[in-house]
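Engineer: Okay, here's the structure, questions in a sec.
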Ligand code: ARG
């Protein structure tokens, strides 16, 4: 009885198969999991999902850019991904005259496609390297493991053959250092923009609708991978030809029904499903609220400038979108963790674990060690967020802090001419990037506001020595924001970092004294230096200890419940996963039911002419009013279906992922999670968790009817 009770409690917290939870490694799909997929509607064999020898679905799935997923949809290397994944490249390809971000863009032939700085990565194979890694770690203390980890990994990945042809290996720790897998990728570097809807479609609903259902966003964009004439990955060249892919996904015109099977392949970036109650407390009490407050400050000042001027908007858009995205996420995460009482559940689970661990030396002190480790770090956690999200949230301060490297070379006795040259080159490159994206009016306000927030919210004993006293003496009382505004204005007026002629003069004969006297550099170096010297080592120690404890905790969990082990999946870590579930409506709160699809009708209901977030292209309004949906219409609903939701378990990084039906056909693109389950990185809720997808028929409608790019439609393999 007791054991049964324990198991019941455990199953509420432990990350094993329940409902549609699970981000599975496609090469290690257990029988149980595969059988469950078949039961729910999968019609394909394991080999058709993942195979080393034959072309399989995994060959159509790519890492898109730095943190998204994409899929190959034609035999000429055509890629579908999200609009918000292509966003930076679309903004970079735009200027005020050719404003593709605002107006959309389609290449009507391959010559019109626009080169980008993006890369995409194809997964070639996965190799279990646990033995090699563990042999290399043997006898090392945990600190030494951390110190040597990169080198040990590198010794293994260096052996991957065919580097000249774009192959490279990366090792991922699974189950908190209880297993090591090497993923071998082929990296392509000539990626071109083929098409994008106007932002009013691709980001319809903006940040108001972000992380929310019901949703009406056409969150897609289209790119193409190129290879050299002899079939290899290559830098951009006019000579290059479209990639001949191993496999591409057919596109379904059939549409979805409530209850239909859906699977999603992609690259979930990170989850922490085994987080302890200690971690949740730190997150809810300190980390999340600090980040949210500081980002709100930055967003406010950026937004003020962006709405005034299209050139500023293009400059700041991409950075603004990513800051806003996780500002809303972390706010929602804490709200949902509280709603679900995740902290209390974890505590209960930890109590049960400790009971089990009694008398087992590897495990019995784990919880008290966690407690000690968190208690040692907690007093400084806020400080860390205020540096990362506050002080370094000013682009000027962030750039200035990169110059510490130049400073240290300038100060070093006997630094070589080559060291100096390198440091100068890096400083110039860093300044170029900074100037390209700098907007002075917003940055100046941000600098003043975050410096005041630091003063108000951080422990006095943790201030950089002398800074605030100096400010008070020169500028006035510190409880008055006018003081901080005046000071920030002086920094921006006097710094040489923003002044081309002063900067160039300095760089001809750089010296440490001039740099140190610069107000922007002095500021960044005071705050970042103070953090780096005193608090960053404590953070590293905290992290390393946590990694060690996490390793043992995971091992203990597996030992405690051996029967559950083959139903466990490792936390997401940006390695390829497949999740499966079904199309499904839900009840977000009492008396409210959310349907599983949205339609053109809802788009028009939300439409606000001229609005920053809810405007639409005139042509779209006209076509929608005429119900001109062509062959993309949903025959049952007699409308154009725009979005749908599924129960799949995904997270950030999965953006752009293909949503695939039981026959292996593309039915949509995953692009978001719902607000009611934003706890999902830590706790998956089986009733409320939904993945938000754009229906592929809406994607096709936008390309064809709105964009007139029949050439793209003709390239696809459409399944009626
Ligand atoms: N929440 C989405 C994700 O993380 C990004 C959506 C982008 N749209 C926006 N309005 N910021 O994948």
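Coordinate-derived values only; no laboratory data. Keep in mind the model is a prediction, meaning the values are calculated, not measured. We place every Cβ from the backbone using ideal geometry, glycine too, and count neighbours over all the protein chains shown.
Engineer: What does the C-alpha gyration tensor say about the overall shape of segment 412-561? Classify as rounded when a/c is under 1.5, otherwise prolate if a/b is larger than b/c, or oblate.
Structural biologist: Oblate.
Engineer: Between residue 621 and residue 163, what length comes free when the chain is fully extended (0.36 nm per residue of separation minus the Cα-Cα distance, one decimal in nm)? The partial results should precede the final answer.
Structural biologist: Details: separation 458, 0.36 × 458 = 164.88 nm, distance 5.05 nm.
This chain segment gains 159.8 nm when fully extended.
Engineer: I've got another one for you. Please tell me the relative contact order of segment 571-720 in percent, rounded to the nearest whole number, where contacts are Cα pairs under 8 Å and at least six residues apart.
Structural biologist: RCO, segment 571-720: 22 percent.
Engineer: With just the Cα atoms of segment 216-340, tell me how far they stretch along each of the three principal axes, in Å, largest first.
Structural biologist: Principal extents (Cα only, largest first): 56, 46, 31 Å.
Engineer: Could you list log10 I(q)/I(0) for segment 562-672 at q = 0.09, 0.16, 0.21, 0.23 Å⁻¹, which the Debye formula gives when each Cα is one point scatterer?
Structural biologist: The calculated log intensity ratios at q = 0.09, 0.16, 0.21, 0.23 Å⁻¹ are -0.37, -0.99, -1.29, -1.34.
Engineer: Please work out the ratio of the alpha-carbon Rg of segment 451-502 to 2.2 N^0.38 Å and round it to two decimals.
Structural biologist: Details: Rg = 12.7 Å, N = 52, 2.2 N^0.38 = 9.9 Å.
For segment 451-502, the normalised Cα radius of gyration comes out at 1.28.
Engineer: Oh, and also: Which whole-percent values make up P(r) of the chain when all C-alpha to C-alpha distances are grouped in 20 Å steps starting at zero?
Structural biologist: All Cα pairs, binned at 20 Å, distribute as 16, 47, 34, 3 percent.
Engineer: Oh, and also: What is the P(r) of segment 268-380, as percent of Cα-Cα pairs per 5 Å bin from 0?
Structural biologist: Values per bin, smallest distances first: 2, 10, 15, 16, 15, 12, 9, 7, 5, 4, 2, 2, 1, 0.
Engineer: Sticking with this structure for a sec: Find how many whole Å separate the alpha carbon centroid of segment 42-73 from the alpha carbon centroid of segment 319-340.
Structural biologist: 30
Engineer: If I model a spin label at residue 457 and residue 319 as a point 7 Å from the Cα along the Cα→Cβ vector, what separation in nanometres do I get?
Structural biologist: 1.9
Engineer: Now for a separate question. Taking 60 Å as R0, compute the FRET efficiency from the Cβ-Cβ separation of residue 339 and residue 509 and round it to 0.05.
Structural biologist: On the way: r = 60 Å, r/R0 = 1.00.
Efficiency, from the Cβ-Cβ distance: 0.50.
Engineer: Helix-only estimate, please: 222 nm mean residue ellipticity of the chain, summing -39500 (n - 2.57) across DSSP H runs of length 4 or more and dividing by its residues, to the nearest 500.
Structural biologist: One gets -13500 deg cm²/dmol as the mean residue ellipticity at 222 nm.
Engineer: Given the Cα-Cα distance of residue 35 and residue 378 and 0.36 nm per residue of separation, how much length would full extension add, in nm?
Structural biologist: Contour length minus Cα-Cα distance gives 119.0 nm.
Engineer: If you don't mind, there's one more thing I want to ask. Do you know the relative contact order of segment 174-307, to the nearest whole percent, from alpha carbon pairs under 8 angstrom that are 6+ apart?
Structural biologist: 18
Engineer: Something else about it: Sort 571-584, 26-39, 190-203 for me by packing, meaning the mean count of neighbouring Cβ atoms within 10 Å per residue, highest on top.
Structural biologist: Peptide ranking by packing, descending: 190-203, 571-584, 26-39.
Engineer: At a Förster distance of 56 Å, what's the computed FRET efficiency of residue 558 paired with residue 307, Cβ-Cβ distance as r, to 0.05?
Structural biologist: Once the sixth-power term is evaluated, E becomes 0.60.
Engineer: Please compute one quarter of the surface area of the Cα convex hull for segment 155-248 and express it in square nanometres.
Structural biologist: Average of the hull's projected areas for segment 155-248 equals 10.1 nm².
Engineer: Each label point is 7 Å from the Cα along the Cα-to-Cβ direction; what then is the distance between the points at residue 440 and residue 244, in nm?
Structural biologist: 5.6
Engineer: Would you please give the FRET efficiency between residue 468 and residue 417, computed as 1/(1 + (r/R0)^6) with r the Cβ-Cβ distance and R0 = 41 Å, to the nearest 0.05? It would help to have the intermediate numbers written out before the result.
Structural biologist: Values: r = 40 Å, r/R0 = 0.97.
That gives a FRET efficiency of 0.55.
Engineer: If you take the alpha carbon radius of gyration of segment 626-720 and divide it by 2.2 N^0.38 Å, what ratio comes out, to two decimals?
Structural biologist: Computed over Cα atoms of segment 626-720, the ratio equals 1.22.
Engineer: In whole percent, what relative contact order does the chain give with Cα contacts below 8 Å and a gap of six or more residues?
Structural biologist: Reported as a whole number, the value is 24 percent.
Engineer: For segment 472-543 and segment 215-257, what is the centre-to-centre distance using only Cα atoms, to the nearest Å?
Structural biologist: 45
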